[in-house]
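Asks: After the structure tokens below, expect a handful of questions from me.
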Amino acid sequence: MAHILVASSPFAGHVRPTLAVAEALLLRGHRVTAYTGRRYARDFEALGCRILPWQAATDYDERNLAASFPQLPSTGRRAVFANLEHVFIGNAPGQLDDLRRAHAARPFDILVGEQMMLGAGMLAELQSLPWASLSVLPLSLPSRNLPPSGLGLQPLPGALGHARDALLRRVTRRVMRPLDAALAEVRKQAGLPEHQLFEQAGFSTQLTIAHGAPGIEFPRPDLPGYVHYAGLLARPIVHAGPEPDWLREVRSFKGPVVLVTQGTLNTDPQELLQPALDALRDEDLLVVASSAGRSVQRIPPNARVHEFLPFGDLLPMASCAVTNGGWGGVLQMAAAGVPMVVAGGTLDKPEVAARVACAGLGLDLRTGTPTPRKILRAVRSILAEPGFRTRTAAVGDQLHRLGGAPRAAELIESLAPGASPRVP
């Protein structure tokens, strides 16, 4: 059996699919070393992974990046670019140092890293190691058929649409030059060729495993052959222990059930949770919402608010979901056939919202801070139009058929020397 490194940035949305792949590799008999931040190391250790701690790399807590990176702006597009430069590109040399030392002590047979773990790809280049990347976000590889990633735009059809997207790609290339320059300097210091575009750096041309399915992604006629969709990698959590009263109440409710979640990162309830509760307070339905531990001021009689929600129990009962557009949560909703209202405001969330709307799985509110009126109209539209659920169920079937984490593990095994040819 192989010794496989599995590496993930310490963000919940990156860790969960990576954790699922690590578990699938362990179940197939491989030795797995996990390289991630302190906050999530125990999750990998509980599976049976050996833990490689971040030492030369700067560890951080996703809930307070400024504590480790005080130079980061707090909000706006500048904050996004600063995050990419300092948290991901700037941390790659430390990751490479950690991984080099570990490889020298106990050599790895295969490297697996989610797309923002640039140090893993650099080690693969330097040591000529097999390397698989996990695309744990909406697939952001550049394409001649799509607008550039990050703008939250759907592709436009026809000559005018192609011209618009081509122009946007040229403009975005110029905007990305500072990140390309920062990456070039990091690669130069590591002894690697300097010319590599940041938007391609985290994707292995040996094997990229995409968390998702073609049905929820934009059409890509030029999808590279090394990209394989694996469906839903991380399964939703179910409640452990005796079923609580509130969950039994939801199960027995006869009308529509609407889930509301704002994810785990940007959890200010005034952005989405409170407006959604206000919007739906007079509707003949039951709202079940996650507070992520934040205080909620106004909870109407038709709402049940809890710190965290066991999606595995709730999604089969849901008629609709209101979400901020976390990719993992959206894939879980799609897998359960639950149509969505998406309020994607920052980071990759607008990209997620655009994909949901393009695929006909729900509505894109085009903002991360929607008004109650806008939310109400969207939820009513979803509940009134059965086509949303039909289309979402079809994508859900596709997500399940693609095989999930076991299929990802099978693909990773194909990189081992002497392995059988990869089955498409």
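Asks: Taking only pairs six or more apart or across chains, which ones have beta-carbon atoms under 9 Å, a first residue in segment 199-214 that is over 18 Å from Pro148 (Cα atoms) and assigned to a loop (DSSP other than H, G, I, E, B), and a second residue that is basic (Lys, Arg) and modelled with pLDDT of 95 or more?
Replies: Here the result reads Ala213/Arg401, each pair linking segment 199-214 to a residue that is basic (Lys, Arg) and modelled with pLDDT of 95 or more.
Asks: Specify which of the listed residues (Pro155, Pro178) is buried (at least 16 other Cβ atoms within 10 Å of the Cβ) and touching a residue at least 60 places away in the same chain (Cβ under 8 Å).
Replies: After applying the criteria, what remains is Pro155.
Asks: Separate question: Which residues, counting only those in segment 323-368, are closer than 21 Å to Glu271 by Cβ, hydrophobic (A, V, I, L, M, F, W, C) and within 17 Å of the chain's Cα centre (by Cα)?
Replies: The answer is Trp327, Val330, Met333, Met340, Val342, Ala343, Leu347, Val352, Ala353, Ala354, Val356.
Asks: Of everything in segment 181-198 that's in a helix (DSSP H, G or I) and in contact (Cβ under 8 Å) with a residue 24 or more places away in the chain, which residue is nearest to Arg169 (Cα to Cα)?
Replies: Filtering segment 181-198 for residues that are in a helix (DSSP H, G or I) and in contact (Cβ under 8 Å) with a residue 24 or more places away in the chain, the one nearest to Arg169 (Cα to Cα) comes out as Phe198.
Asks: Still on this structure, please answer the following. Just one of (1) assigned to a helix (DSSP H, G or I); (2) out of contact with any helix residue (DSSP H, G or I) (no Cβ under 7 Å at 6 or more places or on another chain); (3) outside the structural domain of Ser204 (by TED's automatic domain parsing); (4) not aliphatic (A, V, I, L, M) trips up Gln332, so point out which.
Replies: The failed condition is (2).
Asks: Could you check how many residues of segment 270-297 are in contact (Cβ under 8 Å) with a residue 40 or more places away in the chain, within 15 Å of Val379 (Cα to Cα) and not hydrophobic (A, V, I, L, M, F, W, C)?
Replies: 3
Asks: Considering only residues that are closer than 21 Å to Gln332 by Cα, among the charged types (D, E, K, R) and surrounded by fewer than 19 Cβ atoms within 10 Å (Cβ to Cβ), which ones fall in segment 395-424?
Replies: Asp397, Arg401
Asks: For segment 132-141, does any single residue satisfy the condition of being free of Cβ contacts under 8 Å to residues at least 60 places away in the same chain and in the same structural domain as Gly225 (by TED's automatic domain parsing)?
Replies: no
Asks: Just checking, which of Thr367, Thr392, Thr371 is of a type outside the set (D, E, K, R), buried (at least 20 other Cβ atoms within 10 Å of the Cβ) and farther than 18 Å from Ala230 by Cβ?
Replies: It is Thr392.
Asks: Looking at segment 39-56, I want the residues that are at positive phi and have a partner that is of a type outside the set (Val, Ile, Thr) and assigned to a helix (DSSP H, G or I) with Cβ atoms under 7 Å, at least 6 apart or on another chain. Which pairs are those?
Replies: Gly48/Leu26
Asks: Looking at segment 222-251 only, could you name the residues that are of a type outside the set (A, V, I, L, M) and at pLDDT below 95?
Replies: Arg235, Pro236, His239, Gly241, Pro242, Glu243, Pro244, Asp245, Trp246, Arg248, Glu249, Arg251
The values are calculated or read from the model by the stated rules, or taken from the named source; none is laboratory data. Small disclaimer: the values here were computed from a predicted structure and weren't measured. Neighbour counts are summed over all protein chains in view; Cβ atoms, including those assigned to glycine, are modelled from backbone coordinates with ideal geometry.
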